[in-house]
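A quick write-up on the structure given underneath.
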Amino acid sequence: MTIEYIRYRIAEPERRAAFEKAYTAAAEQLDAAPECLGYDLAHGVEEPERYILRIEWTSVEDHLKGFRGGPLFGPFLASVRPYIDDIEEMKHYTPTAVTSVRR
């Protein structure tokens, strides 16, 4: 498993509700993708212009070649395209053994 983190900065308050609505639509594609194991979108409390999207993928290759190369990526991208320039970071990470026992 690999985890993709995408950090967004949506500076204009009036765009934030539309951003969340766009990801609600995009989530349908993630839910349908066998390569996607789960996801969540978090909204900054201290810095409300910040969002972090966390997506669990079966692997980096499955994400880049499977999902991005498959039929679900087009509709996913169409939903979030207006926010591409708001991305500050988009990287894959590998989980470590340090994790909560409460999960």
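The values are calculated or read from the model by the stated rules, or taken from the named source; none is laboratory data. Quick caveat, the model's predicted, so the values are computed rather than measured. Here the Cβ positions follow ideal geometry from the backbone for every residue, glycine too, while neighbour counts run over all protein chains shown. All accessible areas refer to the heavy atoms of the entire protein, side chains included, with ligands and DNA or RNA removed. Shrake-Rupley method; radii C 1.70, N 1.55, O 1.52, S 1.80 Å.
Residue-level check: of (1) β-branched (Val, Ile, Thr); (2) free of Cβ contacts under 8 Å to residues at least 40 places away in the same chain; (3) touching a Lys or Arg at 6+ places or on another chain (Cβ under 9 Å), ILE87 misses just (2).
In contact with an Asp or Glu (Cβ under 7 Å, 6 or more places away or on another chain), of a type in the set (A, V, I, L, M) and part of a loop (DSSP other than H, G, I, E, B) - does that describe any residue in segment 18-35? No, every residue in segment 18-35 fails to be in contact with an Asp or Glu (Cβ under 7 Å, 6 or more places away or on another chain), of a type in the set (A, V, I, L, M) and part of a loop (DSSP other than H, G, I, E, B). When THR2 is tested against (1) open to solvent by 40 Å² or more (accessible area, probe 1.4 Å); (2) under 29 Å from THR96 (Cα atoms), just one condition goes unmet, and that condition is (1). Taking segment 48-94 as the range and being exposed (fewer than 14 other Cβ atoms within 10 Å of the Cβ) and either among the small types (Gly, Ala, Ser) or modelled with pLDDT under 95 (or both) as the test, the residues that pass are SER59, GLY69, GLY74, ALA78. Annotation note: Cβ proximity below 7 Å between a residue of segment 15-28 that is at negative phi and open to solvent by less than 20 Å² (accessible area, probe 1.4 Å) and a residue that is modelled with pLDDT of 95 or more and of a type in the set (Gly, Ala, Ser) (sequence gap 6+ or interchain) occurs for ALA22/SER79; ALA26/SER79.
The single condition from (1) touching a residue at least 40 places away in the same chain (Cβ under 8 Å); (2) among the hydrophobic types (A, V, I, L, M, F, W, C); (3) assigned to a loop (DSSP other than H, G, I, E, B) that VAL45 fails is (1).
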